[in-house]
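The values are calculated or read from the model by the stated rules, or taken from the named source; none is laboratory data. Here the structure is a predicted model, which means the values were calculated and not measured. Neighbour counts run over all protein chains shown; Cβ positions are idealised from the backbone, glycine included.
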Amino acid sequence: MKMRIKLAILPVLAGAVAVTACGGAGKREAAALTDAVDRFRGATANPALAVRADAVAAVACSETRVCDAKRTCVQAIEPTAKALALKNEVGAKLADIEAARLAPDSPEAQALPLKLDEATRLLREGHKKMDECDTMLTDLRLAYGF
């Protein structure tokens, strides 16, 4: 009789261990995602932005909630990184115009306003999605207690 009870408890214990292990993986993944997004936000130089945007996209996820948050954060970060790269490109070209290395009437110089418009559009898109990303990261922090 005691042996049957012990055997009946085994699946319950195995399930509890599996849930705990999954929670551990989810917590690690959620913490890694949060850290990667925070590092992206802290980047100030354009090359660092691209590397840190890639780092967010590279975060491993196996838990649905973490994967959903990652997808949303990547959708916010990609247009933001592109917008900042365009802004930096325009700034460099303006410096070239001021230093007389680029003619103001050249096709490259004439394209600058359109690039700024595109950067503005991408920034708006990224900021809108970043609100969703922030909400999902907060939910992960609460769910996993970190």
Mind listing whichever residues of the stretch 27-43 are without any contact (Cβ under 8 Å) to a residue 12 or more places away in the chain and in a helix (DSSP H, G or I)?
Arg28, Asp35, Asp38, Arg41, Gly42
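Being surrounded by fewer than 17 Cβ atoms within 10 Å (Cβ to Cβ) and of a type outside the set (D, E, K, R) is the filter here; which residues of the stretch 58-74 pass it?
Ala58, Ala60, Ser62, Thr64, Cys67
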Sort out which residues of the stretch 87-146 are within 23 Å of Cys73 (Cα to Cα) and among the hydrophobic types (A, V, I, L, M, F, W, C), and write them in order of number.
Ala119, Leu122, Leu123, Met130, Cys133, Met136, Leu137, Leu140, Leu142, Ala143, Phe146
Can you tell me which condition Met130 does not meet? The list is (1) more than 23 Å from Ala25 (Cβ to Cβ); (2) in contact with a Leu (Cβ under 8 Å, 6 or more places away or on another chain), and all the others hold.
(2)
In the stretch 105-130, residues that are part of a loop (DSSP other than H, G, I, E, B) and charged (D, E, K, R) total 1
Quick one: would you say Ala53 is in contact with a helix residue (DSSP H, G or I) (Cβ under 6 Å, 6 or more places away or on another chain), more than 16 Å from Lys129 (Cα to Cα) and either among the small types (Gly, Ala, Ser) or modelled with pLDDT of 90 or more (or both)?
no
Restricting attention to the stretch 122-144, does a residue exist that is out of contact with any Ser or Thr (no Cβ under 8 Å at 6 or more places or on another chain), buried (at least 17 other Cβ atoms within 10 Å of the Cβ) and either of a type in the set (Ser, Thr, Tyr) or without any contact (Cβ under 8 Å) to a residue 40 or more places away in the chain (or both)?
yes
Where residues in the stretch 44-65 are assigned to a loop (DSSP other than H, G, I, E, B) and not β-branched (Val, Ile, Thr), which of them is nearest to Glu89 (Cα to Cα)?
Ala45
Give the residue, chosen from Leu102, Leu84, that is aliphatic (A, V, I, L, M), surrounded by 13 or more Cβ atoms within 10 Å (Cβ to Cβ) and assigned to a loop (DSSP other than H, G, I, E, B).
Leu102
